[in-house]
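The values are calculated or read from the model by the stated rules, or taken from the named source; none is laboratory data. Keep in mind that what you see is a predicted model, and the values were worked out from it rather than measured. Heads up, the Cβs are rebuilt from the backbone with ideal geometry, glycines too, and the neighbour counts pull from every protein chain shown. Ligands, DNA and RNA are excluded from the accessible area calculation, which covers all protein heavy atoms including side chains. Shrake-Rupley method; radii C 1.70, N 1.55, O 1.52, S 1.80 Å.
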Amino acid sequence: MPGFIRGSVKRKLACVAVTLAVVAAMPSQGWSDVGNPKAKPGAAPTVEYKEYVTEVDVPIKMRDGTILMADVYRPKGEGKFPVILDGTPYGKTNAMMLAAGTFVPHATSRGYALVVYDVRGQNKSEGSIDLHVNLKNDGYDVVEWVAQQPWSNGRVGVDGGSYDGQVGLNTILAHPPHLQTGIVTVTAADLYRQWYYRQGAFEFGFLSGWTGLNFSRRLAPRLIPDEKARQEYLDNLTLYPADMASYVNVLPLADFEPAKMGDKGQYNYLKDWMQHNVDSEYWWKRNPKTYFHEVTVPVMHLGGMYDVFEAGTVEAWTLLQREAATPLARDNQTLFLGPWDHAEMPWANSHFDKVGSMSLGDDLKNYDHANMRLAYFDYWLRDIQRPGFDPNARVNLWTFNADKGKSWSTKATYPLPETVYTKYYLTPEKSGSSKALYDGSLSTKAPTKEAAPVAYKYDPMKPVPTRGGNNLFAFAVDPEGTPSAGTTGSMSADADLIKAVLQRDEKLPTTGHGPEDQLPAELHTITFSTPVLDQDTEVTGNIRATLFAATDQVDTDWVVRVSDVTPDGKSIIVGDGIVRGRFRESGTTPTLLEPGKIYAYDIDLWHNSWIFKPGHRIRVAVTSSNWPRYSRNMNVAEFPEFATEWKVANQKIYMDPDHPSHVILPIIPKKK
């Protein structure tokens, strides 16, 4: 890992040099380490400007001569304004910050100028694109261009989520002198571990849709100059949503047809990501967290409990408090975790009350997302502290199943100091609550007696289907795991997937993500359930599992799900995780398994805040696939994405005193 080893002498010297240079370049605002002492209390906002001016396709010249195109929205009137900036690959009108246009009148009426630009190589901007390269330099240049405009007062913030969040985060890493803060929403800190792979398993469901239903269509005009060839290519793309199952079941998976871009399929993001299947320099130089030691400004990290990048939101907030270059940055990181999945962030401030198929009531319906964001920017860009943002509330959390009016809470830190990390052991006693392949129990008492391992078969051609969780799918998944149109239809290849997300299009299926019922999937798993609970049991924090397991093959996957079993028998997913066997010890140096050997697998189920109510049960399900979210492990030596052969694996899960398989739940004790 030359040049990227945390703590190396080379990096420490570089950190010192960068930090000194950055501090010297910072604008003098008179801020102390904690908070903004210039901020004065302000009343609830009022309309300052009734109209706004729109400038379309404004050219911005980069340091290498490349022209990026931007749209500018600013209040109609005299004066200079603070600016909020967003860069996107999805077309300027689809910038996440704009929330399908609804944010524009809201922000401009309160005295903000908004600038959105097409990132390099996308839509109307010049240049070629490498999705995670050039973002820092370009972000720096755009910020400094914005600061010099006659309508700008030189105080700039970044906003945006998902890939736009990567643009914003990289702009923050570039530390342009006029950038003073940013909101980074639903994005990753570590691309390998939080965007493309999870403990070695490839994020096929999300990435196949991102390429096949987004970039393949969006880049066609640039990659296929001939109009007839381009139209033929686009016509072929429409076959994908019509028959998803045929496309996603291709072997090898690297031959997934909709990801092949260009008239001869010569451009293929998906295959490139599959080929970089270990944590390596390819990812390190693209990872935002590699450069966290260069951050100089306050940042809000906004995420969702069911977001596909949730772990990145938490990690960025955690690491920047330790590693950022200045006290101002280290002491002013804000974490905001709501109940959302990726597709149901309230971009358009639509006051909806559902996530996935779960209704969450007025506590969510009355949440004002746009006002919270503007209150944050008022504090850092206008020196006004308004209702909607409290700089002393370092952590803002949603808790599922809390009493009405108590779903949102503020905390001093995270994880919560009062957390009691409690092991729930897998035991052989029958719970009588499950119709799965095996019905065991969960107990807080460690096993003291010998118990036979639980055996099951894993056939890659009969994978256990994805049902909800931290996913981002552009398609629905039926109970047998087949991608399909769902009950309300699916997005066609000629539809705008990004706009559909922003506008909450009713044809965008949701059965692939969020707090969904696991029963159709659990029939093909082994389960372990607690007795019926007699009091509220709050779980808030990082959920993990230790699985003692063996297989008769050289590689396989292990999947663990935690769910809430309701009195009517539903099993609502709370958290899930996966580990690919060969990556059990290292993301950088995978090693095959020794058939029959028992290994201890640590599995990260990420974060949630959930109250299990009286009359409910806590359940753990164990299996070896989560398809089509993750690529299927073929149980052979070849990497799964390139394998054309497969084997059926015979799996064993151990739960004896020497091999006490368990989950670790972050229990929050009841207040006395």
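Results, tabulated for the structure shown:
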item: Among beta bridges that DSSP assigns inside the chain, antiparallel share in %, nearest 5; result: 70 percent
item: Long-range HN-HN contacts of residue 627 with modeled amide H, under 5 Å; result: 464, 466
item: Anisotropy class of region 126-233 from Cα gyration tensor, a/c 1.5 cut; result: oblate
item: Cα gyration tensor shape of region 338-420, rounded if a/c is under 1.5, else prolate or oblate by comparing a/b with b/c; result: oblate
item: Length added when fully stretched, residue 523-residue 658, from 0.36 nm per residue minus Cα-Cα; result: 45.7 nm
item: Folded to 0 to 90 degrees: helix 310-323 orientation relative to the chain principal axis, Cα; result: 60 degrees
item: Inter-label distance for residue 390 and residue 461, nm, one decimal - labels placed 7 Å from Cα along Cα-to-Cβ; result: 5.9 nm
item: Computed helical MRE - 222 nm, the chain, DSSP H runs ≥ 4 contributing -39500 (n - 2.57), nearest 500; result: -5500 deg cm²/dmol
item: Segment residue 568-residue 533, extension gain: residue separation times 0.36 nm, minus the distance between their alpha carbons; result: 11.2 nm
item: Kirkwood-based shape ratio for region 502-611, expressed as Rg/Rh from alpha carbons; result: 1.03
item: At R0 = 22 Å, FRET efficiency that the Cβ-Cβ distance of residue 613 and residue 421 yields, to 0.05; result: 0.55
item: Acute angle (nearest 10 degrees) that the helix 369-381 long axis makes with the longest principal axis of the chain, alpha-carbon atoms; result: 50 degrees
item: Residue 76-residue 231 pseudo-label distance in nm [points 7 Å out on the Cα-to-Cβ vector]; result: 4.0 nm
item: Area projected by the alpha carbon convex hull of the chain, averaged over all directions, nm²; result: 29.1 nm²
item: Extension gain (nm, one decimal) between residue 449 and residue 50, 0.36 nm per residue minus Cα-Cα; result: 136.3 nm
item: Degrees separating the helix 227-237 axis from the principal Cα axis of the chain, which is the longest one; result: 40 degrees
item: Residue 404/residue 645 FRET efficiency (R0 45 Å; Cβ-Cβ; nearest 0.05); result: 0.25
item: Kirkwood-based shape ratio for region 295-436, expressed as Rg/Rh from alpha carbons; result: 1.04
item: Taking the chain and dividing mean pair separation by its residue count, relative contact order in percent (alpha carbons under 8 Å, at least six apart); result: 14 percent
item: Residues listed by number, region 407-429, amide nitrogen under 15 Å from residue 672 label point at 7 Å toward C-beta; result: none
item: Around residue 434: net Lys/Arg minus Asp/Glu count, Cβ-Cβ under 13 Å; result: +3
item: Backbone HN-Hα couplings from phi across region 430-435 [Karplus 6.51/-1.76/1.60, Hz, Gly and Pro as x]; result: 6, 8, x, 10, 10, 9
item: Distance (nanometres) between label positions extended 7 Å along Cα→Cβ at residue 588 and residue 64; result: 2.8 nm
item: Mean Cβ neighbour count within 10 Å, used as a protection proxy, ranking 188-197, 517-526, 218-227 highest first; result: 188-197, 517-526, 218-227
item: Quarter of Cα convex hull surface for region 537-672, i.e. mean projection, nm²; result: 10.0 nm²
item: Compactness of region 276-323 - radius of gyration and Dmax, Cα, Å; result: 12.1, 34
item: Whole-percent carbon and sulfur share, accessible surface of region 514-659, 1.4 Å; result: 52 percent
